[in-house]
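Notes for the one structure printed next.
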Amino acid sequence: MELYFLLLLIVLMVLALGSGYPVAFALPGSAILAVGCAALAGWLFEGDNSAYFSEGGPVQWLSAGVTNFRGIYWEAERDTLIAIPLFIFMGIMLQRSRIAEDLLVTMAQLFGPIPGGLGISVVFVGALLAATTGIVGATVVAMGLISLPAMLRHNYSKPLATGTIAASGTLGQIIPPSIVLIILADQLSASVDQASTQRKTMYRDSTGEVSIPSEFDVSSTSAGEMFMGAMIPGLVLVGIYMAFILGFALLRPSHAPPVPFEGRMDRRFAVRVALILVPPLALIIMVLGSIIAGIATVNQAGAIGAAGALIMAGYRLVPGRRDTFLPVALAVASLALIFLVTALFNTNIRTINTTADMLGVGLAALGVTGLSAALAWSAWRAYRTDDTLTGVMIETAKTTALVFVILMGAAMLTSAFRGFGGEEFVREFLEQMPGGFWSKFITVMAVIFLLGFFLDFIEIAVVVVPIVAPILLADPSANISAVWLGVMIGLNIQTSFLTPPFGFALFYLRGVAPPEVSTVHIYRGVIAFIALQLVALGIVGWNPPLVNYLPNRISLTGETAPPPVNPRLQYCIEEYVWDEFQERGSRIRAAIEAARALDLSPLPEALREDLHESFEHAASAFELLEAAKRAEANVEDHAPAYRPLHREVRQVESDIRQLEDEIAELSTRIRRARGNVDSLLRAEAERAEHEAEIEALRAEIPPDWEAAHETFLEHTRAERTARRNYRRAVDQAYPPAAEALAVLEATEAIEALHARLTEFQAEFLQMDRATLPERIRQLESEARGLPGEDDIATALDQVEQAVRPPVNMREAYQRLTQAMTVAAEELEWRRQAEETIKPGLVAYEAAIRDTIGLRSQRRLPEKQALYVASCSAVHRDISLNF
């Protein structure tokens with residue numbers, strides 16, 4: 001029965017959307033009606049209002065709705081949604097201040113003389129506006145009003161002109177910062193949690209182990225990572241558009257002729273191009289650069305963009321006046337002062353200690369005041385000029401409210417969909433498909449593409465993604481990253497603006513196109529660009545590093561980069577070390593052998609033993625890593641024969657688990673039957689049928705499965721053991737060498753400490769006894785701060801105990817003499833070791849630091865970080881571990 005109400009839910013939603021009813025009310029209204037009908041039918045026919053729900057019931061659905069409402073508006077983890085109104089404000093403000101108009105006219109003059117130049121300029125400006133405004137409707141309308149008449153006047157093909165404008169206007173959906181990417185990141189964050197739970201369950205059911213290794217878990221994403229991941233695919237799409245227009249113009253010159261510039265491309269023209277082009281580029285760099293550099297979160301970057309748009313509007317709305325550029329000049333000067341102050345002074349008010357700190361805080365306050373004045377000045381101009389600021393604020397509020405209400409309604413619809421077992425139905429349907437992950441993925445992409453003919457991007461993102469994303473992310477056979485899936489869906493969703501009959505870009509362009517341009521022309525024009533978007537989708541899908549590399553690189557080279565010991569990085573780190581061993585392993589071995597030949601006799605016994613163990617572990621790293629690579633090759637050799645059997649049995653086991661879940665639900669229904677004999681008999685018959693199906697499925701498991709599975713497990717265990725042995729060895733190889741070097745490099749500090757102890761000993765008997773304990777504690781603290789100086793510190797502690805009441809100065813002096821003896825001995829062996837051991841130890845540490853000692857570093861060096869970023873950008877099949 002649940003499927004009937006699921007079908008009712010879908011039919012209600014389709015009818016409501018098809019009738020033109022507002023999306024914000026169609027989604028939750030469909031959910032409320034379907035849930036109400038199911039609860040009423042269950043109460044009337046089964047005596048239980050939860051009888052026709054696969055999960056929970058109407059009360060649980062209502063509770064989930066409240067939880068989703070709170071999640072959208074109050075949860076701190078979803079504060080990325082705050083960026084939506086900020087970026088909307090930025091886009092509308094730039095559009096209302098006619099920045100787009102200036103860009104289009106100037107770029108058309110710059111690119112016009114080359115074949116297809118007007119079309120290329122439209123794509124170029126579309127990319128710039130996408131990175132600044134991201135508002136499709138505004139971009140398409142602006143380019144349609146300005147560029148379309150010029151393209152038609154210069155004999156451009158009508159389909160090419162309209163297709164170029166419509167497609168370029170949609171670039172804002174994939175080129176960051178993009179509202180689509182923010183919404184997708186928000187939806188995927190919840191999907192990642194569900195996918196992680198599913199994968200952990202799969203691992204537990206398959207291996208019997210309670211916890212899953214972190215490298216096998218699903219990796220999450222954020223809006224910032226989505227922005228970085230979408231940057232290269234967005235540029236690829238722009239490049240494809242430009243190449244198509246240029247190729248079309250070369251093949252059919254009459255359809256896209258060059259347009260000579262009637263003026264002079266002199267110095268004055270170059271200055272005008274710079275004045276028009278530099279501010280939007282600077283804004284893009286500030287918004288995206290602040291995210292890339294880790295200076296700002298997505299929310300803070302949105303605030304930067306909104307403030308920058310307001311400053312730009314402040315001078316663009318009042319051209320030709322003597323004070324036109326004063327607000328922007330004040331803002332630039334204030335920002336320069338703030339950057340200079342933060343670089344030279346300590347501006348933390350809580351830690352002010354000196355006059356210089358006070359000066360820094362004062363200058364910083366001056367810079368902030370100047371920036372605030374520039375923003376207020378620009379806002380006043382926007383408010384007074386054609387009531388621009390008021391209109392922008394109203395449009396921002398409307399659009400933001402629309403997005404958030406749709407998010408809430410979609411959350412209610414998704415909860416109802418899950419309540420009727422829709423997610424399980426979709427999962428079962430996808431998992432039954434032949435071809436593994438890619439057949440599921442292509443099916444989902446095809447469904448999203450077809451939905452784009454009828455639904456808006458927000459509806460697809462908030463309704464479809466929460467249903468299909470957990471299923472795709474949980475599949476270990478492709479082990480895709482969430483950011484790659486999000487960018488792929490974003491590229492696919494972008495086509496929804498171009499696909500007839502409901503492509504919004506088509507409607508926007510139709511509304512501003514001249515009468516001689518028909519709807520057929522527009523439809524014909526976008527077909528080629530839809531095909532180009534699908535080509536870009538295929539390129540990005542075939543090359544995951546186009547998406548994954550940049551987020552990985554920023555993550556691994558940033559200040560908050562994970563340490564090299566992070567389990568997710570180990571495979572790629574070991575690949576790097578293996579490559580280095582092949583290239584310069586002989587030099588590393590020579591350095592290790594030279595270190596083993598060192599005479600370590602001057603060192604204390606404990607330090608000497610640690611170094612001997614370090615040399616042995618470093619020397620064994622080569623054989624241990626080679627053993628791990630052999631074990632990996634052994635697993636790869638056996639995988640092709642084992643994989644089909646593994647896939648077959650895991651599918652049967654998955655079917656059995658689904659039937660067992662259905663049996664558990666039927667058992668619950670039987671307990672709730674409450675005397676309804678017909679319902680009880682039906683449920684018991686269905687349970688018996690499922691139990692028979694389970695027995696039949698178990699009989700389908702090949703008899704050689706257990707032996708084959710155990711054999712393959714032995715190979716994988718051997719690989720894990722080999723890698724674990726290698727990691728243990730290198731973890732014990734580098735730290736002793738680093739610690740020994742730190743000890744030897746402290747020789748000068750020991751000499752200084754010894755000199756202070758000598759002075760202290762000379763003054764000891766004449767010193768005020770009340771100050772003795774504090775002086776001794778200072779010396780003891782200094783000794784404990786030096787590497788390997790616990791002996792001196794312990795001796796000084798004995799002195800400090802002797803000067804406590806009742807004070808025994810004679811005993812204290814004797815203990816101080818003993819401390820001096822310990823310091824002299826420490827200094828003596830250090831001097832010997834510094835001359836005979838330190839040079840060889842320095843060479844040894846340098847030789848193994850970036851290979852054998854890589855796991856022991858605080859963070860990955862740049863070279864290794866780039867290698868690991870590239871290696872981990874490729875999706876790796878891990879399904880045989882499940």
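Observations on the model:
- A simple spin-label model places the labels of residue 668 and residue 691 2.0 nm from each other, with each point 7 Å out along Cα-to-Cβ.
- Förster radius 60 Å - calculated FRET efficiency between residue 784 and residue 45 (Cβ-Cβ, nearest 0.05): 0.15
- Positive dipole terminus of the chain, leading residue within 362, 167, 705 (C-beta point charges): 167
- Taking all protein chains together, 829, 438, 377 sort by accessible area into 438, 377, 829, largest first [probe 1.4 Å].
- Cβ-derived FRET efficiency at R0 30 Å, residue 527 paired with residue 155, nearest 0.05: 0.90
- Heavy-atom accessible area ranking, 1.4 Å probe, most first, across 440, 629, 398: 398, 629, 440
- Surface accessible to a 1.4 Å probe, residue 546 within the full protein complex, Å²: 50 Å²
- Computed over neighbours whose Cβ is under 12 Å from that of residue 585, the net charge equals -2, Lys and Arg +1, Asp and Glu -1.
- Ordering 253, 226, 189 by the projection of their Cα atoms onto the charge dipole of segment 170-268, which places +1 on the Cβ of Lys and Arg and -1 on the Cβ of Asp and Glu, puts 253 at the extreme positive end.
- Between 839, 403, 766, the Cα set farthest toward the positive side of the dipole of the chain (charges on each charged residue's Cβ, about the Cα centre) is that of 403.
- Along segment 370-378 the Karplus relation, 6.51 cos²θ - 1.76 cosθ + 1.60 evaluated at θ = phi - 60°, assigns HN-Hα couplings of x, 5, 4, 5, 5, 5, 5, 4, 5 Hz to successive residues, with x for each Gly and Pro.
- Rounded to the nearest whole Hz, the Karplus-based 3J(HN,Hα) values (6.51 cos²θ - 1.76 cosθ + 1.60, θ = phi - 60°) of segment 380-386 follow the sequence 5, 4, 5, 6, 7, 8, 6, with x at glycine and proline.
- Rounded to the nearest 20 debye, the dipole size of segment 712-771 about its Cα centre is 700 debye, using +1 on the Cβ of Lys and Arg and -1 on the Cβ of Asp and Glu.
- Rough spin-label spacing in nm, given labels placed 7 Å along Cα→Cβ, for residue 344 and residue 380: 3.0 nm
- When +1 charges are put on Lys and Arg Cβ atoms and -1 charges on Asp and Glu Cβ atoms, the dipole computed for the chain relative to its Cα centre reaches about 4360 debye.
- Helix 422-431 and the longest principal axis of the Cα set of the chain meet at an angle near 80°.
- Loop-located trypsin sites (Lys or Arg not before Pro) across segment 290-360 with a Cβ neighbour count of 12 or fewer within 10 Å are 321, 322, with loop assigned by DSSP.
- For residue 93, the solvent-accessible surface with a 1.4 Å probe is about 0 Å², rounded to the nearest 10.
- Stokes-Einstein translational diffusion, segment 173-282 - Kirkwood Rh over all Cα pairs, 1.306 mPa s, 10 °C, in µm²/s: 84 µm²/s
- Measuring between their Cα centroids, segment 830-882 and segment 719-756 lie 14 Å from each other.
- Length added when fully stretched, residue 829-residue 724, from 0.36 nm per residue minus Cα-Cα: 34.1 nm
- 3J(HN,Hα) couplings calculated from phi for segment 634-650 with the Karplus curve 6.51 cos²θ - 1.76 cosθ + 1.60 (θ = phi - 60°) are, in sequence order, 5, 5, 5, 5, 8, 4, x, 6, 7, 4, x, 5, 4, 4, 4, 5, 5 Hz; Gly and Pro show x.
- In the context of the full set of protein chains, the chain has a per residue accessible area of 46 Å² (1.4 Å probe).
- Dividing the summed -39500 (n - 2.57) terms of all DSSP H runs of n ≥ 4 by the residue count of the chain sets its mean residue ellipticity at 222 nm at -26000 deg cm²/dmol.
- With semi-axes defined as the square roots of five times the eigenvalues of the C-alpha gyration tensor, the equivalent ellipsoid of segment 266-338 measures 24, 15, 11 Å, largest first.
- For segment 142-177 and segment 615-668, distance of Cα centres in Å: 52 Å
- Label-point separation, residue 204 to residue 365 (7 Å along Cα→Cβ), nm: 5.8 nm
- Isolated Cys in the chain, by beta carbon distance under 4.7 Å: 37
- Split the accessible area of the chain by element, probe 1.4 Å, and carbon with sulfur accounts for 60%.
The values are calculated or read from the model by the stated rules, or taken from the named source; none is laboratory data. All values derive from a computational prediction rather than experimental measurement. Cβ coordinates were reconstructed from backbone atoms using ideal geometry, including for glycine residues, and neighbour counts include every protein chain displayed. Note: areas computed on protein heavy atoms with side chains; ligands, DNA, RNA excluded. Shrake-Rupley method; radii C 1.70, N 1.55, O 1.52, S 1.80 Å.
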